[in-house]
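Comments concern the structure below.
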Amino acid sequence: MNRPKNKLFRLIKTMTPAEKRYFKMHFALQRNALTILYDHLNDIEEYDEEELKNSLPKNIANKLKVYKVRLYDRVLKSLTTFYAKKNIQSKIRLGLEEVDVLMSKKLYDVATDHLYKLKKLAEKYEEYTYLVDLAYLEYRLMNIYMDRIGISKQPLFTDMNYYLEKLDQQIRFSRLAHETIDFQKSNHYKQLKPEQREWLSELLDTKIPQLSGDTPSFRARISRNIILTVIYQFLKEKEAEYQVRKENVDLFHQYPHFKEGLSFHYLAVLRNYMNFCLNDKRFKEVRETVEEAKQFIEKVTPQEEPQLIYFYFAELKMLYEQGQFKTIVDNYSQLIEEFTKKNQIMVERISVISFIYIILAELFEDNHPKAQYYLRIINEADEEVKDYFEEFYILLDLVSHYEAGDAHSLKLQLQKLRRKYNFSDQPDTFFLSMMNWIDRLNRYPEQKAIIAMEMKSECNLKFSADKNMDSFQHYHLDTWCGALINGTSLKEEILKHLKNKSPSYNH
């Protein structure tokens, strides 16, 4: 039996308050079957077709399939109208339709003026796909109108050839960029073979210069630099990689109109540059890039607000690496909670990772109830995302209970986990071993230093390639063993570790 489709429900649930107001004002003024169905779908949290039918008037429920199709079309039309001409591509697409309308009205001179403006706009933003369409439309206009006044078509064919050459260059660079990204994904943790190094060198020395030509377009240069960053990563030429990433940012500074015209690409370039600087501990550049992104989104593209999570994450990680846990607690805990709820982005891994930094900061500042509160928020994440983090989340929860001195709750939690995972005295993963050790720590608190020494020794010997062990090291939670051995707090131990590890530490 086919399951009822819920695409209408999902579409309505993605609508912002502004989009819903627009729909109500322009597409749902009169109360009828479609507006009643819309209100019901807007009010429910989960889609159940039988429950929906029972809640609707009988005349609507009997024809629900028909009304769903009609309402889906109306909501889409509302959204399309709401966003009409709010980006360059939309302006050109609608402009093409407007030229068609003017031509159908035989207003050829007006259509020609309109087409000329669209052509200039498309040329400014290197929209060569649309420029090919515009050239074809111009050819039609010439056949109908301009033949009467004796204008030659030859310049039009010259323009069309130029657009096609530039479009071909963009496509080839884009294809090569994706080819190198796929290569990166499949070889990220592997030692390169001689033939693979030879391929990278050939790209660098021959293929990229050939594709670039004398005057590569803006988009082609961005794609070319993406390829170069992958090559320099594999060749371990960090400074060259930094310079190429910075060049992409500088390109947008040099041609600022592309920031708005290619806002998603601009923010992606900022993110890639910021993440490189973050990993390389160039914190001054991180702060500058975060501020640039925030100002751009606030002033130019508020619709891109959900992307701010990536820049908040960078601030959180930077503060964490500098041991500024109190700043995270005071300035970011509530901010990230409200932001993720407003933008409904707990489906993103980056949101969960941001909360992990907040949970750890709350833990280090002895705000144990708050740490538990934010752990519960992670538990409300999208199922696929939650599954990815499940084991690390459980370990973090156990450490939080232990650090809070909540022996009874920890005992109950471990009993529940033992029934679910059946971990024995000889576990074969870091996850199961950690549960076993925490259970022993909770039962024999007087032996915590001895148990911690066993933990430290066994982790280094058995679990160096384990995903959860890697996560513990990433967040510097491997210092927990040192805290238990030395009888110091986890915060003291992690601050000592960060001070020794990072030249940018400034707690």
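The values are calculated or read from the model by the stated rules, or taken from the named source; none is laboratory data. Quick caveat, the model's predicted, so the values are computed rather than measured. Using ideal geometry, Cβ is built from the backbone for each residue, glycine included, and neighbour counts are taken over all protein chains shown.
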Margin query: Quick check on my filter: what residues within region 343-373 are part of a helix (DSSP H, G or I) and either among the polar types (S, T, N, Q) or within 16 Å of the chain's Cα centre (by Cα) (or both)?
Written below: 343, 349, 350, 351, 352, 353, 354, 355, 372
Notebook entry, point to check: Here are some conditions: (1) in contact with a Ser or Thr (Cβ under 9 Å, 6 or more places away or on another chain); (2) in a helix (DSSP H, G or I). Residue 113 meets all but one. Which one does it not meet?
Noted result: (1)
Next item on the list: Tell me which residues, restricted to region 462-493, are under 19 Å from residue 359 (Cβ atoms) and among the β-branched types (Val, Ile, Thr).
Entry: 479
Item checked: Candidates 338, 305, 315 - the one that is without any contact (Cβ under 8 Å) to a residue 40 or more places away in the chain, more than 24 Å from residue 369 (Cα to Cα) and out of contact with any Pro (no Cβ under 8 Å at 6 or more places or on another chain) -> 305
Checklist line | Flag if residue 299 is touching a helix residue (DSSP H, G or I) at 6+ places or on another chain (Cβ under 9 Å), farther than 15 Å from residue 374 by Cβ and outside the structural domain of residue 15 (by TED's automatic domain parsing) | finding: no
Next item on the list: Would you be able to tell me the number of residues in region 250-260 that are surrounded by fewer than 20 Cβ atoms within 10 Å (Cβ to Cβ), in contact (Cβ under 8 Å) with a residue 12 or more places away in the chain and in a helix (DSSP H, G or I)?
Entry: 4
Item checked: Failed item, numbered, when residue 152 is tested on (1) more than 25 Å from residue 225 (Cβ to Cβ); (2) small (Gly, Ala, Ser); (3) touching a Phe, Trp or Tyr at 6+ places or on another chain (Cβ under 8 Å) -> (3)
Notebook entry, point to check: So which residues in region 10-47 are within 24 Å of the chain's Cα centre (by Cα) and assigned to a loop (DSSP other than H, G, I, E, B), if there are any at all?
Noted result: 15, 16
Margin query: Restricting to region 203-220, give me the number of residues that are in contact with an Asp or Glu (Cβ under 8 Å, 6 or more places away or on another chain), part of a helix (DSSP H, G or I) and under 13 Å from residue 172 (Cα atoms).
Written below: 1
Check: Restricting attention to region 112-125, which residues are in contact with a Phe, Trp or Tyr (Cβ under 8 Å, 6 or more places away or on another chain) and either assigned by TED's automatic domain parsing to the domain that holds residue 170 or more than 18 Å from residue 88 (Cα to Cα) (or both)?
Finding: 112
Next item on the list: Check region 482-493 and report whether any residue there is more than 17 Å from residue 399 (Cα to Cα) and acidic (Asp, Glu).
Entry: no
Item checked: Given (1) surrounded by fewer than 14 Cβ atoms within 10 Å (Cβ to Cβ); (2) modelled with pLDDT of 90 or more; (3) within 28 Å of the chain's Cα centre (by Cα), number of the condition residue 218 does not satisfy -> (1)
